[in-house]
Amino acid sequence: IMVKPSMNLSDFEEMYLKTMFEIHSQSPAAIVKTSMLAESMGVSAASTTEMIQRLSGRDLVTYIPYKGSRLTSEGFAIAGKIKRRQLLIELLLTDIIGFDGDVSSVACEMEHAVNDELEASIDRLLGYPEYTHLGERVPQISRQFDPDVKSPLLPISNMPEASSGIVEFIALSGQDLKTLENQQISIGVTISKIQNSINVSGNPILLSESLTKRILVRLEE
């Protein structure tokens, strides 16, 4: 997905574009009916028609009176990026932070505040995911890898083979945190990964997949 700089869209305009993107994902060739879009957005058909005409004036939507609308190529790219940010935030909340509230609702609120730099950081932190746990495809982009990022912060689960790093953040509490302490894992400890084995001070340890996603290390050069 190649996207032009921000067009200063409102949160509501972004939600319309994302909703159309989701409908297009189910039926790529279909024209999105105004009634369907209005129902999805929880607003009146009149309000939806007004918004579609506004987005059409910005060349993000092609409006076909009495039939519906479609995203233009630029509208599709912007909508895909908004959807991508939603899914990345959902993965961040569940895998790294361990948030067990209304993940979808929180992600929908947060997606509008994410800029390109933060999106790239979350993408890198998650190990460049292509799918969610439910099998939904994360819209992909043409990434520009920064050569100056020599020691990224990554979950243990995403550490490259034959690498080591220092633990900087542990998103755990209670019994899980005690489990780590029993294995001498704490902030400042060096973790290494050799032949898919996680090692602390040269000794292999066993951690569940969920735990390895919530322990973040700064890779050593």
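Might you report the magnitude of the Cβ-based charge dipole of the chain about its Cα centre, with Lys and Arg at +1 and Asp and Glu at -1, to the nearest 20 debye?
540 debye
So how do 96-104, 45-53 stack up, highest first, on mean other-Cβ count within 10 Å?
Per-residue mean Cβ counts within 10 Å order the peptides as 45-53, 96-104.
Starting from 0.36 nm per residue, how many nanometres of slack lie between Gln184 and Glu209 once their C-alpha separation is accounted for?
7.2 nm
For the stretch 84-221, report the convex hull volume of the alpha-carbon atoms normalised per residue, in Å³, without decimals.
Normalising the Cα hull of the stretch 84-221 by residue number yields 122 Å³.
Along Cα→Cβ, 7 Å out, is where each label goes; now give me the distance between the ones at Asp11 and Ser201 in nm to one decimal.
4.9 nm
Give, in nm to one decimal, the length gained when the segment between Asn115 and Phe99 is fully stretched (0.36 nm per residue of separation minus the Cα-Cα distance).
The Asn115-Phe99 span can extend by a further 3.6 nm.
Rolling a 1.4 angstrom probe over the protein heavy atoms, how many square angstrom per residue are accessible across the chain?
In whole numbers, the chain has 56 Å² accessible per residue.
Restricting to lysines 8 or more places apart or on different chains, can you count the pairs in the chain with Cα atoms under 12 Å from each other?
Taking the Cα cut-off of 12 Å, the pair count is 4.
Order these peptides, 18-26, 33-41, by their mean beta-carbon neighbour count within 10 angstrom, highest first.
18-26, 33-41
Any idea which of Ser173, Asn196, Met51 is furthest toward the positive side of the dipole for the chain, if Lys and Arg beta-carbons carry +1 and Asp and Glu beta-carbons -1?
The listed residue farthest towards the positive side: Met51.
The values are calculated or read from the model by the stated rules, or taken from the named source; none is laboratory data. Every value quoted in this text rests on a predicted model; they were computed, and no experiment measured them. Ideal geometry is used to build each Cβ from the backbone, glycine not excepted, and the neighbour counts take in all protein chains shown. Calculation scope for accessible area: heavy atoms of the full protein, side chains included, ligands and nucleic acids excluded. Shrake-Rupley method; radii C 1.70, N 1.55, O 1.52, S 1.80 Å.
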